[in-house]
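J.: Okay, here's the structure, questions in a sec.
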Amino acid sequence: MATPFVYIIFLLLIPFGTPNLLLYLIAFATGLTLDAFYDTLGVHTAACVALAFVRILFISVTMNRDGFDEPEPTLGNMGFKWFIIYALLCTLSHHLVLFILETFRLAEFSYTLMRCFFSVGFTLFSVVLIEFIFYNRKAR
Amino acid sequence: MRNLWIFLNRYNAFFFFIIFFTIGVILTVKNNAYQRSITINSTNEVVGEVYQNLNVLKKYLNLGTVNDSLSVENAKLKTQLLALQNIDSTKAVTVTDTLNNPLYTYLSARVIKNSITLRNNVITINKGKADGIEPDMAVISPGQGVVGFVQDVSEHLATIRSLLHKDAKISVTLKKSNALGILVWGIGNSDFTKAFVKEIPNHFKVSLKDTIVTSGFSRFPAGIPVGTVTNTAVPTGDNFMSVEVKLFNDFSTLQYVYVVKYKYAVEQKELEAKLPNE
């Protein structure tokens, strides 16, 4: 019922200064690799690109554009509150695209949404857990 | 011109999103179409090789269950053999030579990749074009039950559209009453042990624990056991019944499969292609 896709943590933790085009190319390549192994050509690719878009939007809204204080958007660098909202929005956009494209029909829409939300919870939990394991609070 | 460039550059995140997202969606749609031309999937050389290597450990760990199922199958075959040997040959019977003209032949193959958690699950096996496997062949499991249809074939590998796939439809009948139905999976259900039989005419009586077998109308040989009925009161909106079925084969421990080669597959396909599309 709920399937976690923990690999998106790789896209979440790409450093702040990365140019947009490079970020999209990385997301695209990641998605394509995943698709090759899941036999779902295009589904993960589109989902990863959607994640990259939400990531850029969220970072441009919440941080000042010139000069980032921190190198990477990790839990230790950014604090729990910022990170959980960031991870939630990114995971949600990724999973929505993923599940809707995977099902590819409207007849099962409510069931797909339910599966999607359960999976978002599962993925988010795993991502935060991993972040806590590698937690190192920077001395300010 | 310069203003346009500044505009594009300012909102580059959005435009890049449009470009890459469109590519992704186009790939998905192409992949959903019946004829797929791009092979970035597990019949691909590199990906197939990885799965084949990964499978070594899993194969070893599952030796016990595979052994058991093989010995069960052996016992069954030996019983059938015994029955054949003990035919009273003094009686005059017309012998039809079925050995030299079998309608279906089975090719055994090992599963090197399998999934059960997705909406559209695809199985990859280690036999391909070189072993005589072609798209649309039926695949059954060595114990009991159906597995799916061959989807893509490369030289030494093939992918199977498992029953746990949104496009998998298998023609089945109720063993008791011969009522026809269609076996599908995953409508409001992601349990890999359950499936639904749709479009059984309403006047048939279906009771719990009735056996469902294949009808022989699709590429499957007739009479292959599929599962037992567990719920007869599935609500539908039309004049047909739907029943819930517990499948005989366990997709989570699938190790070996038989690909069914139907002798007249090409002939039947050509003949049916002549029918006008309604």
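Bear in mind these aren't lab numbers, they're just calculated from the coordinates by the rules spelled out. What you see is a predicted model; the values in this text were computed from it and never measured. Because the Cβ atoms are built from the backbone with ideal geometry, glycine has one as well, and the counts that use them run over all protein chains shown.
J.: If you put +1 on each Lys and Arg Cβ and -1 on each Asp and Glu Cβ, how big is the dipole of chain B around its Cα centre, in Debye rounded to 20?
T.: Roughly 480 debye for chain B.
J.: Now for a different question. About the Cα centre of segment A:6-133, what is the dipole size in debye to 20, counting +1 per Lys and Arg Cβ and -1 per Asp and Glu Cβ, all else neutral?
T.: 240 debye
J.: Shifting gears a bit: With everything on Cα atoms, drop me the angle between helix B:12-32 and the longest principal axis of chain B, reported from 0 to 90° to the nearest 10.
T.: Roughly 20 degrees between the two axes.
J.: Moving on to the next point. To the nearest 20 debye, what is the magnitude of the charge dipole of the protein assembly as shown about its Cα centre, counting +1 on the Cβ of each Lys and Arg and -1 on the Cβ of each Asp and Glu?
T.: 460 debye
J.: GNM, chain B, Cα, under 10 Å: largest mean-square fluctuation among B:168, B:75, B:158?
T.: Checking each option, the largest mean-square fluctuation is seen for B:75.
J.: Show me the trypsin sites (Lys or Arg not before Pro) within segment A:1-82 that DSSP assigns to loop and that have at most 12 other Cβ atoms within 10 Å of their Cβ.
T.: Within segment A:1-82, the qualifying trypsin sites (Lys or Arg not before Pro) (loop, at most 12 other Cβ atoms within 10 Å) are A:65.
J.: With the contact rule set at Cα under 8 Å and sequence spacing of 6 or more, what percent relative contact order holds for segment B:153-278?
T.: 20 percent
J.: Here's a follow-up. If I require 30 Å or longer along the helix axis, counting alpha carbons, and a Kyte-Doolittle average no lower than 0.0, what helices from chain A are left? Use full DSSP H segments.
T.: Counting only whole DSSP H runs, the qualifying helices are A:80-103, A:109-133.
J.: Determine the sum of side-chain charges near residue B:112: Lys and Arg each +1, Asp and Glu each -1, restricted to other residues whose C-beta is under 11 angstrom from that of residue B:112.
T.: Value of the local net charge: +4.
J.: Moving on. Using the scaling law 2.2 N^0.38 Å as the reference, what is the normalised Cα Rg of the protein assembly as shown?
T.: 1.19
J.: Separate question: Find the relative contact order for chain A and round it to a whole percent, using C-alpha pairs within less than 8 Å whose residues are 6+ positions apart.
T.: Reported as a whole number, the value is 34 percent.
J.: Give me the log10 of I(q) over I(0) for segment A:6-133 at q = 0.10, 0.12, 0.16 Å⁻¹, as the Debye formula computes it from C-alpha points; what are the numbers?
T.: Taking Cα atoms of segment A:6-133 as identical point scatterers yields -0.32, -0.45, -0.79.
J.: Among A:90, A:116, A:48, whose mean-square fluctuation peaks in a Gaussian network model of chain A (Cα, cutoff 10 Å)?
T.: A:116
J.: Anyone know which of B:54, B:84, B:118 comes out most mobile in the 10 Å Cα GNM of chain B?
T.: B:84
J.: Considering only Cα-Cα distances, which of the following residue pairs are longer than 18 Å: B:30/B:166; B:78/B:175; B:59/B:113; B:166/B:205?
T.: B:78/B:175; B:166/B:205, as the Cα separations exceed 18 Å there.
J.: Another one. Using the Karplus curve 6.51 cos²θ - 1.76 cosθ + 1.60 with θ = phi - 60°, what ³J(HN,Hα) values do you get for each residue of segment B:61-78, in whole Hz, with x for Gly and Pro?
T.: With coefficients 6.51, -1.76 and 1.60, one gets 5, 9, 3, x, 5, 5, 4, 4, 5, 5, 5, 4, 5, 4, 4, 4, 5, 5 Hz.
J.: Which FRET efficiency value, to the nearest 0.05, is calculated for residue A:63 and residue B:274 with the Förster distance at 60 angstrom and r the Cβ-Cβ distance?
T.: 0.40
J.: Same structure again: Starting from the Cα of residue B:80, step 7 Å along the direction of its Cβ; do the same at residue B:250; then give the gap between the two resulting points in nm.
T.: Result: 2.4 nm between the two label points.
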